[in-house]
Amino acid sequence: MHIKERALLIAENKKQTRYILLGLMLAILMAAMDNTIVTTAMGTIVGDLGGMEQFVWVTSAYMVTVMAGTPIFGKLSDMYGRKRFFLFGIIMFLLGSVLCGFAGSMVELSLFRAIQGIGGGALMPIAFTIIYDIFPVEQRGKMTGLMGAVFGTSSIFGPLLGALITDALSWHFVFYINIPIGLVSLLLIITYYKESVTHERQRIDWGGAFTLVGAVVCLMFALELGGDKYAWNSAAILGLLGGFLVLFIIFLFVEARAGEPIISFAMFKNRLFATSCLLALLYGSVFIVATVYIPIFVQGVFGGSATNSGVVLMPMMIGSVASSMLGGLLASRMSYRAVMLLSAICFVSGIFALGTLSIDISRLMLTAYSILTGFGVGFSFSVLSMAAIHHFDMRHRGAATSTNSFLRSLGMTLGITIFGIAQRNLLSGRMAEAFVGSDLAGAAFGNAQEALSPERRAQIPPEVLKNITEALAASIAHTFMWALIPAACAVLVVFFMPKDRMLGKATDVIPSQD
């Protein structure tokens with residue numbers, strides 16, 4: 001009887017763990033997919049609500065609160081427990097989603113997106129940290145790989161799903177789709193996640209939190225508005241950049257003296273943690289370029305709707321899911337450095353291949369390049385998060401995971417902004433060269449955006465369309481070549497990683513051989 005009871009107890013614990021994992025996966029899916037799914041619907045949203053000059057705030061408001069909240073909630077979860085802040089994140093995300101669906105203006109939508117971002121900043125880091133808390137070492141690689149696969153899938157699948165929902169229903173349902181997903185996740189975590197860890201009460205570093213938020217806000221808005229709404233040397237942009245510099249210096253000063261800092265600089269003394277965070281920053285800055293510009297290339301060069309162009313990201317998604325799960329398994333058999341070296345080689349090769357894009361490329365070759373790129377980046381979704389927490393106990397895992405997530409988000413924001421400016425300038429130059437001394441490109445056809453609309457594309461004379469597509473393809477290809485710089489830097493950083501790796505038992509640690 002005793003043996004039967006023990007067997008039933010083990011089976012019940014496994015069942016509870018599966019339900020907790022499902023709840024975490026749904027939360028990751030919801031938070032990671034939200035920004036990409038909204039981006040696809042933005043054209044329709046602007047057409048409905050107006051405010052063309054304000055739509056940038058919709059994305060910025062969400063990214064600012066996510067980036068600022070990620071390290072803060074990670075630290076708070078170390079201090080007061082994971083469950084309460086994870087549930088808070090789900091509730092805030094759902095509240096923001098409902099409000100976004102009812103938004104009547106671009107200003108309202110931006111404010112409600114900021115509420116969503118508060119929730120997203122809590123969900124991402126804490127979900128991965130809970131995985132490390134509830135699973136033993138021998139299972140963490142597999143589970144982290146699974147979570148990384150969900151993250152990669154949602155990031156790539158979001159644009160396609162957003163286009164489908166917008167076309168079939170309306171842009172409001174881009175936000176409403178979060179409600180059933182979030183409610184199921186909320187119910188599963190409330191019911192099955194029984195947090196038993198005793199957390200020590202610590203002092204909250206409010207000075208670091210406020211200066212970090214202020215610095216991120218200034219930097220984000222300066223990058224979003226500079227060169228577009230305002231000139232880079234305008235008083236507004238210089239003021240924002242100056243505000244970022246001042247607040248960031250104050251943040252460094254405060255964190256160096258805080259007893260329990262939001263971002264502990266002492267963590268960066270650990271080489272594995274420091275290199276993992278730097279790789280997250282570099283990978284994020286390059287990967288976002290691929291997810292944004294491959295669909296634009298397909299839509300502008302091959303033609304078709306936004307929905308059809310989103311399908312081309314499916315091979316990249318498959319590659320990233322496969323390597324994310326593979327990376328989680330390999331991390332228990334090889335050093336983190338060995339796995340990330342394989343990742344970096346594939347990633348750089350994929351980005352270099354995308355840098356050779358032209359109007360003559362076949363869909364088959366583009367698919368192959370996308371798979372290679374996705375396969376390369378997928379390892380980072382699982383391996384870097386495991387490497388970041390490798391040397392830290394449960395009291396510091398939340399801060400370690402959230403700092404890694406924060407730097408990946410920062411990399412994505414910097415990458416899409418910097419390389420977006422590069423692509424825009426490259427396209428303008430190519431268009432000017434293509435139509436110099438020609439009257440073919442009148443007001444109706446001189447904009448490459450015309451080639452992205454199937455209806456307007458059909459009205460463009462063939463010789464004009466050829467010039468436009470060649471200019472668009474060249475600008476995107478050269479942008480990928482510029483993206484090789486941070487990708488190559490990632491290869492160099494990998495060589496500085498120590499040779500630590502996990503073994504099958506919680507007490508087993510292979511020390512660095514460096």
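The values are calculated or read from the model by the stated rules, or taken from the named source; none is laboratory data. Predicted model, so just to flag it, every value in this text is computed and none were measured. Cβ sites come from the backbone with ideal geometry, for glycine too, and all protein chains shown count toward neighbours. Ligands, DNA and RNA are excluded from the accessible area calculation, which covers all protein heavy atoms including side chains. Shrake-Rupley method; radii C 1.70, N 1.55, O 1.52, S 1.80 Å.
Restricting attention to the stretch 37-50, does a residue exist that is at pLDDT below 70, in contact with a Gly (Cβ under 8 Å, 6 or more places away or on another chain) and open to solvent by less than 30 Å² (accessible area, probe 1.4 Å)? Scanning the stretch 37-50, I find at least one residue that is at pLDDT below 70, in contact with a Gly (Cβ under 8 Å, 6 or more places away or on another chain) and open to solvent by less than 30 Å² (accessible area, probe 1.4 Å), so the answer is yes.
In the stretch 252-269, what residues are over 24 Å from the mean Cα position of the chain (by Cα) and crowded, with 17+ Cβ neighbours inside 10 Å? If the condition is that a residue be over 24 Å from the mean Cα position of the chain (by Cα) and crowded, with 17+ Cβ neighbours inside 10 Å, then V254, E255, A258, P261 are the ones that fit.
Of a type in the set (D, E, K, R) and at pLDDT 85 or above: is that true of R337 in this structure?
Taking the combined requirement at face value, the residue satisfies it.
Residues satisfying the criterion are absent from the stretch 79-99 (criterion: farther than 15 Å from A27 by Cα, of a type outside the set (F, W, Y) and buried (at least 21 other Cβ atoms within 10 Å of the Cβ)).
Looking at the stretch 101-208, the helices (runs of 4 or more DSSP H) lying wholly inside it that each contain 3 or more residues that are modelled with pLDDT of 75 or more and in contact with a Cys (Cβ under 7 Å, 6 or more places away or on another chain) sit at 106-134.
Does A448 satisfy being at pLDDT below 75, more than 20 Å from A280 (Cβ to Cβ) and open to solvent by 20 Å² or more (accessible area, probe 1.4 Å)? No; evaluated as a whole, the condition is false for this residue. Among the residues making up the stretch 494-504, a single one is surrounded by 19 or more Cβ atoms within 10 Å (Cβ to Cβ) and assigned to a helix (DSSP H, G or I): V494. Please work out if I72 is open to solvent by 10 Å² or more (accessible area, probe 1.4 Å) and at pLDDT 75 or above. Taking the combined requirement at face value, the residue satisfies it.
Scanning the stretch 356-384 for residues that are open to solvent by less than 10 Å² (accessible area, probe 1.4 Å) and of a type outside the set (A, V, I, L, M, F, W, C) returns S370, T373, G374, G376, G378, S380, S382.
In summary, helices (runs of 4 or more DSSP H) completely within the stretch 259-377 and bearing 3 or more residues that are among the small types (G, A, S) and under 24 Å from F496 (Cα atoms) occur at 271-297, 314-330, 336-354. Note on the stretch 65-82: residues that are out of contact with any helix residue (DSSP H, G or I) (no Cβ under 7 Å at 6 or more places or on another chain) and either in a helix (DSSP H, G or I) or under 19 Å from F406 (Cα atoms) (or both) amount to 2.
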